[in-house]
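Participant: Let me begin by handing over the structure; questions about it come next.
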Amino acid sequence: MTKIIEPDKQTNIFRRPSSEYGIWSWLTTVDHKKIGIMYGYAAFFFLLIGGLEALVLRIQLAQPDNNFLSAAEYNAMFTMHGTTMVFLAIMPISAAFFNYLLPLQIGARDVAFPRLNALSFWIWVFGGLFLYSTFVFGTAGAPEGGYLAEEVGWLGNAPNGGWFGYQPNAGFKYSPGTAMDYWAIGLQILGISSLVSAFNFIVTILNMRTQGMRLMRMPVFTWMTFAVAFLLAFSLPIIAIALFYVTFDRQFGTTFFLTEGGGDPVLWQHLFWLFGHPEVYILILPAFGIVSEILPTFSRKPLFGYPAIVFAGFGIAFIGFGVWAHHMFASAISPVAQAGFGISTMIIAVPTGVKIFNWLGTIWGGKLNLKTPMLFALGFIGMFVIGGLSGVTHSVVPADTQQTDTYYIVAHFHYVLFGGAMFGIFAGLYYWFPKVWGKMYNETLGQIHFWTMLIGFNLTFGPMHWLGLQGQVRRTWVYAEETNLGFWNLIVSIGAFIIALSILIFMANWMYSKRKGEKAPFDPWDARTIEWTIPSPTPVWNFSKAPHVKALDDFWHAKYDEDEEGRAVRRDTADDLLLQLEEEGLNPEEEIELPNPSYYPFILSSGLPFLGYAVIYKSIPLALIGVVLILAGSFGWATEPLEEGFRSRKEEE
Amino acid sequence: MSGGHDYPHESTGVETRKLGMWVFLSTEILFFGTLITTFMIFKGRDFPGIKLTDVYDIPFTSVSSFVLLMSSLTMVLAHNALENADQEKTRVWLLATAMLGSVFLAGQIYEFTEFYHKGFELSTNIFSSTFYVLTGFHGLHVFIGVVFLIGLWIIGQRQKGLSLDSGFNLEFIALYWHFVDIVWIVLFTVVYLI
Amino acid sequence: MSDNHKEHPTPKKYVQIAIFLGILTAIEVALYYTEDFVGVFTDPLLIFLAIGKYVVVVGWFMHLRFENKMVNRFFAGGMILALILFAIVMIERAAGNFFN
């Protein structure tokens, strides 16, 4: 059945990898689908670790004056929880969706640069491993007059200056030891990965669209990917330079952010949040895209106001660059800046509101099909509105000054990033499960997962609003009995464990359904976009011939016609069409050129952690190993053609 | 690129790798923007120790700036020669560009050494730190560019010669090289003259 | 689709442009030495000259003038975004000192 032929000639030093199964096929793959799946699993693994860190934090806070963790360990845990969830969980899970779906949604066979795609994945993996190797090799050290080094167990060997790394706290004087170096260099490596994938996605969307796929016919998820790629491309360079400065300050005695040498700690805050605020939209926009795909499908109505959603997405992305200083209202910034950023923070609520009303307009009057993806999508809207509204309260500077560094903020951003981004991601995981595995997930377990997660989530983060307003401060490992905060903190901790339970249900469902689930029908959701016009699981070549797109929601229009009153009527030919599509999708007419697997992305990226260690330990041999690996990878890459031995029959004639 | 014959390769009409390079250069603006911003912020402040104005050698830097500027001319001539399928001329101009780039780099190394001997070290004060990191980051870009150019020149020695279609292609490297040049145009003014 | 490319300039034209750039550089260096005469206009003039050189290299040597609109917008977008963001940061850091 497969008409892809093996490469036959050896044009390089090593024979090209060609295995289709087993570990080598995964290590050398350049297939966007496999890379997407690897992103998904690896990110879920880190999500579990980040979740465990959160549970450890909640055990410590379940009672007043608890001593489950020392202060130093608590610092390390909240730093790693934040860093992990942002850079190693939500961003890469979104990247999993981008990788798997983007080429399918624009009708392409792969991304624009398949090997660069593999490169960004492996750089990300090595960045994550580098960051986590701090538990083995790192030391937190003890600042003068701070807590005692003996109190620090192995949990405390991690970065402890917060995921925001405020200076001078994260500088060498107050965070001696190597842990914060692992943080700075680890984020640097992860940043390279995201930057590379951002170029790749931008070029893919601009240049790889199939016939008739005009920009304004692209699915909303693709549009949101586009917006995210812009945000990444323009915000990551800023943090990259800022992290360079941190590393220079810590390793080479410069004083970019240290006042004693004439530096400026507030400059770090500016540079960090210049990246950090767009980052918030990098985390949430993919979920916006996913939900905008799911709501129309399960309401059996077109998306209400498609252009408005697209432009609002870009509005958010653009204005998202102009609100960063609202994270700094309690820092030394001028009153004019405070007023300006307060106003821009209010303004960014407008395009977000546009989206919410569009979604509500989409489900309004629709025939709702309350399957698990739809439940999560609806849960997303509800939870995100709560998080969005508490977010607007931060635009009022005096109020924000009061709320800064309290649990109110923690509640706010978890409603946005968990209730928003994670609910959207779970909706997407269920929605595209049949596409990826060709099986159906278990609906009952899916619904149980949704309800336990919704309850657990609100128990965890709801009470944080009033805990924060009562004055419980973030990032502090104990609170006194007399504060009377104990009851609600216990509830919050119980809620956290309910979330953990819901995640276990999800995992059980996933593993069971992937093996023993029912075979998925060709078009399980009666969907609208062209990724459902091909068989599930997706064949290696995606589309057996390039689809010709004639309209927005092309697949829907192929299946449905309108009667005089504008209602959708299923065409008589729809069922035959599905059968025909399945037959054609599995049997391409001609041999298809696909990029060959390659060792070099893996080899190249494996050099980066060595360079990181070399900077931390000032070791020339480690640097040499890193440089050799990188040069070997680049040289092999440059001399190896993307495709070889894959010739279609026509060309040979 | 992957895809069958029925696949349109470039929806925008711009060659995919070139488009990728333009996107990359757009983000490079943000890299250098951050560095320049830091430099400007600290330039307006008081700091202890030696000042940049005490160590500058403007005539020397002007000459090396001129050298880098002219390397952009040789680069564009190499590109032009390749468009006219003149392999010989392409190689000559490529080599000239790499040479001019190396002269600029040598000049920067000489300049750094001179400054160092005058007591202007990386961690002397905030100003020396920003100076070295900013110009050093640019120097690293020039170095990578020179490596690319020499790589191209070596590929050009082969029988097939260079082409504008191959993966590692001249147009792509030329864009990068010109970008490195325009960054120096800005840095020369911001760091040295103002 | 590449037929919307306008014709690239000739080598002669490129040399002329390079001479023009060289002259601008000479003026820049001259301005540095004549700061005492030119006074407050020196810095704005220098910035103006740098922008001029920048535009010439990007437009002619990098062929942006002859390139697809998409590329133009992208590069210009990056430039404008960077200018706005960093102007705000610079002004804020300067004003911060002023207000405190």
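Participant: Taking the criterion of being part of a loop (DSSP other than H, G, I, E, B), among the aromatic types (Phe, Trp, Tyr) and touching a residue at least 12 places away in the same chain (Cβ under 8 Å), would at least one residue in the range A:505-522 satisfy it? Break it down into steps so the answer makes sense when it comes.
Facilitator: Start the filter on the range A:505-522 by keeping residues that are part of a loop (DSSP other than H, G, I, E, B), which leaves A:517-518, A:520-522.
This time we only want the ones that are among the aromatic types (Phe, Trp, Tyr), so: A:522.
Remaining after also requiring touching a residue at least 12 places away in the same chain (Cβ under 8 Å): A:522.
Yes: the range A:505-522 contains one or more residues that are part of a loop (DSSP other than H, G, I, E, B), among the aromatic types (Phe, Trp, Tyr) and touching a residue at least 12 places away in the same chain (Cβ under 8 Å).
Table: residues versus (1) part of a loop (DSSP other than H, G, I, E, B); (2) over 26 Å from the mean Cα position of the chain (by Cα); (3) away from chain B (no Cβ under 14 Å).
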residue: A:526; (1), (2), (3): yes, yes, yes
residue: A:531; (1), (2), (3): no, no, yes
residue: A:541; (1), (2), (3): yes, no, no
residue: A:551; (1), (2), (3): yes, yes, yes
residue: A:578; (1), (2), (3): no, yes, yes
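Participant: Please determine, by comparing only the residues of the range C:50-69 that are more than 7 Å from chain B (Cβ to nearest Cβ) and aliphatic (A, V, I, L, M), which one is farthest from residue B:19 (Cα to Cα).
Facilitator: C:51
Participant: Moving on to the next point. Of all residues in the range A:110-129 being part of a loop (DSSP other than H, G, I, E, B) and out of contact with any Asp or Glu (no Cβ under 8 Å at 6 or more places or on another chain), which is surrounded by the most Cβ atoms within 10 Å (Cβ to Cβ)? Spell out how you get there, then give the answer.
Facilitator: From the range A:110-129, those part of a loop (DSSP other than H, G, I, E, B) are A:110-113; that's our starting set.
Filter once more, keeping what is out of contact with any Asp or Glu (no Cβ under 8 Å at 6 or more places or on another chain): A:111-113.
Numbers: A:111: 29, A:112: 26, A:113: 23.
For the range A:110-129, the residue satisfying everything is A:111.
Participant: OK, next. Which of the residues that make up the range A:588-613 are more than 14 Å from chain B (Cβ to nearest Cβ) and outside any helix (DSSP H, G or I)?
Facilitator: Pass one, the range A:588-613, residues more than 14 Å from chain B (Cβ to nearest Cβ): A:599, A:601-610, A:612-613.
A:599, the sole residue that qualifies.
Participant: If you check residue A:211 against the conditions, is it in a loop (DSSP other than H, G, I, E, B) and farther than 30 Å from residue B:125 by Cα?
Facilitator: Values: in a loop (DSSP other than H, G, I, E, B): yes; farther than 30 Å from residue B:125 by Cα: yes.
It is true that residue A:211 is in a loop (DSSP other than H, G, I, E, B) and farther than 30 Å from residue B:125 by Cα.
Participant: May I pose another question? With a cut-off of at least 3 residues that are at the interface with another protein chain (Cβ under 7 Å from one of its Cβ atoms), name the helices (runs of 4 or more DSSP H) lying wholly within the range B:1-94. Before you say what the answer is, go through the steps one by one.
Facilitator: Details: elements: B:16-43, B:52-55, B:58-83.
Where helices (runs of 4 or more DSSP H) fall fully within the range B:1-94 and carry at least 3 residues being at the interface with another protein chain (Cβ under 7 Å from one of its Cβ atoms), they are B:16-43, B:58-83.
Participant: May I ask you to say which residue of A:242, A:184 is touching a Leu at 6+ places or on another chain (Cβ under 6 Å), modelled with pLDDT of 95 or more and at the interface with chain B (Cβ under 9 Å from one of its Cβ atoms)? Lay out the reasoning, then the answer.
Facilitator: Details: A:184 fails: at the interface with chain B (Cβ under 9 Å from one of its Cβ atoms).
The conditions single out A:242.
Participant: Which pairs turn up if I take residues in the range C:81-94 that are facing chain B (nearest Cβ under 8 Å) and look for partners that are modelled with pLDDT under 85 and surrounded by fewer than 15 Cβ atoms within 10 Å (Cβ to Cβ) with beta carbon separation below 7 Å, at least 6 apart in sequence or on another chain?
Facilitator: Partner pairs satisfying both residue conditions: C:94/B:44.
Participant: Is it the case, given these coordinates, that residue B:129 is part of a helix (DSSP H, G or I), without any contact (Cβ under 8 Å) to a residue 12 or more places away in the chain and within 14 Å of chain A (Cβ to nearest Cβ)?
Facilitator: Details: part of a helix (DSSP H, G or I): yes; without any contact (Cβ under 8 Å) to a residue 12 or more places away in the chain: yes; within 14 Å of chain A (Cβ to nearest Cβ): yes.
It is true that residue B:129 is part of a helix (DSSP H, G or I), without any contact (Cβ under 8 Å) to a residue 12 or more places away in the chain and within 14 Å of chain A (Cβ to nearest Cβ).
Participant: Also, I was wondering about something else. Are there any helices (runs of 4 or more DSSP H) wholly within the range A:355-450 with 1 or more residues that are under 30 Å from residue A:540 (Cβ atoms), and if so which? Full working, then the answer.
Facilitator: Working: elements: A:372-392, A:397-403, A:407-416, A:423-431, A:433-437.
Counting at least 1 such residues, we get A:372-392, A:423-431, A:433-437.
Participant: If residue A:72 satisfies all but one of (1) surrounded by 24 or more Cβ atoms within 10 Å (Cβ to Cβ); (2) closer than 30 Å to residue A:198 by Cβ, what's the number of the condition it fails?
Facilitator: Evaluating residue A:72 over (1) surrounded by 24 or more Cβ atoms within 10 Å (Cβ to Cβ); (2) closer than 30 Å to residue A:198 by Cβ leaves (2) as the failure.
Participant: Pairs, please: C-beta under 7 Å, at least 6 apart or cross-chain, first residue of a type in the set (Lys, Arg) and in the range A:361-388, second surrounded by 23 or more Cβ atoms within 10 Å (Cβ to Cβ)?
Facilitator: Qualifying pairs under 7 Å: A:371/A:298.
Participant: Please specify each residue of the range A:451-469 satisfying the condition of being farther than 14 Å from residue A:419 by Cβ and out of contact with any Phe, Trp or Tyr (no Cβ under 8 Å at 6 or more places or on another chain).
Facilitator: Across the range A:451-469, the qualifying residues are A:451, A:452.
Participant: Test each condition in (1) within 10 Å of chain C (Cβ to nearest Cβ); (2) surrounded by fewer than 19 Cβ atoms within 10 Å (Cβ to Cβ); (3) aromatic (Phe, Trp, Tyr) for residue B:112 and report the one that comes out false.
Facilitator: If we test residue B:112 against (1) within 10 Å of chain C (Cβ to nearest Cβ); (2) surrounded by fewer than 19 Cβ atoms within 10 Å (Cβ to Cβ); (3) aromatic (Phe, Trp, Tyr), just (1) comes out false.
Participant: Please go through the range C:34-70 and pick out each residue that is out of contact with any helix residue (DSSP H, G or I) (no Cβ under 8 Å at 6 or more places or on another chain), assigned to a helix (DSSP H, G or I) and not aliphatic (A, V, I, L, M).
Facilitator: Within the range C:34-70, C:36, C:37, C:39, C:41, C:43, C:44, C:48, C:66, C:69 qualify.
Participant: So which residues in the range A:250-268 are modelled with pLDDT of 90 or more, part of a helix (DSSP H, G or I) and at the interface with another protein chain (Cβ under 9 Å from one of its Cβ atoms)?
Facilitator: Within the range A:250-268, A:252, A:266, A:267 qualify.
Participant: Looking only at the range B:115-126, count how many residues are within 23 Å of the chain's Cα centre (by Cα) and within 14 Å of chain A (Cβ to nearest Cβ). Write out each step before concluding.
Facilitator: Here is the first cut: in the range B:115-126, the residues within 23 Å of the chain's Cα centre (by Cα) are B:115, B:122.
Narrowing further to those that are within 14 Å of chain A (Cβ to nearest Cβ): B:122.
So the answer is 1.
Participant: Anything in the range A:466-512 that is on the phi < 0 side of the Ramachandran plot and basic (Lys, Arg)? List them, or say none. Steps first, answer last, please.
Facilitator: Step one: of the range A:466-512, the residues on the phi < 0 side of the Ramachandran plot are A:466-470, A:472-474, A:476-483, A:485-512.
Of everything in the range A:466-512, just one residue is on the phi < 0 side of the Ramachandran plot and basic (Lys, Arg), namely A:474.
Participant: Within the range A:452-471, can you find the residues that are in contact (Cβ under 8 Å) with a residue 24 or more places away in the chain and of a type in the set (A, V, I, L, M, F, W, C)?
Facilitator: Applying the first criterion (in contact (Cβ under 8 Å) with a residue 24 or more places away in the chain) to the range A:452-471 yields A:452-465, A:467-469, A:471.
Once the filter is applied, which keeps residues that are in contact (Cβ under 8 Å) with a residue 24 or more places away in the chain and of a type in the set (A, V, I, L, M, F, W, C), the range A:452-471 yields A:453, A:454, A:455, A:457, A:459, A:461, A:464, A:467, A:469.
Participant: Let me ask something else about it. Looking at the range A:310-320, can you tell me whether even one residue there is within 15 Å of residue C:88 (Cβ to Cβ) and aliphatic (A, V, I, L, M)?
Facilitator: Residues of the range A:310-320 that are within 15 Å of residue C:88 (Cβ to Cβ), as a first pass: A:318-320.
Going one step further and asking which of them are aliphatic (A, V, I, L, M), we end up with A:319.
Yes: one or more hits.
Participant: When you scan the range A:335-347, do you find a residue that is touching a helix residue (DSSP H, G or I) at 6+ places or on another chain (Cβ under 7 Å) and in contact (Cβ under 8 Å) with a residue 60 or more places away in the chain, even just one? Write out each step before concluding.
Facilitator: Step one: list which residues in the range A:335-347 are touching a helix residue (DSSP H, G or I) at 6+ places or on another chain (Cβ under 7 Å), which gives A:335-338, A:341-342, A:344-347.
Now restrict to residues that are in contact (Cβ under 8 Å) with a residue 60 or more places away in the chain: none.
No, because not a single residue in the range A:335-347 is touching a helix residue (DSSP H, G or I) at 6+ places or on another chain (Cβ under 7 Å) and in contact (Cβ under 8 Å) with a residue 60 or more places away in the chain.
Participant: Out of A:275, A:234, report the one residue that is touching a residue at least 40 places away in the same chain (Cβ under 8 Å), buried (at least 24 other Cβ atoms within 10 Å of the Cβ) and more than 9 Å from chain B (Cβ to nearest Cβ). Please lay out each step first, then the result.
Facilitator: Details: A:234 fails: more than 9 Å from chain B (Cβ to nearest Cβ).
Result of the check over A:275, A:234: A:275.
The values are calculated or read from the model by the stated rules, or taken from the named source; none is laboratory data. All figures in this text were calculated on a predicted structure; none of them were measured in a lab. In this analysis, Cβ positions are derived from the backbone assuming ideal geometry, glycine residues included, and neighbour counts consider all displayed protein chains.
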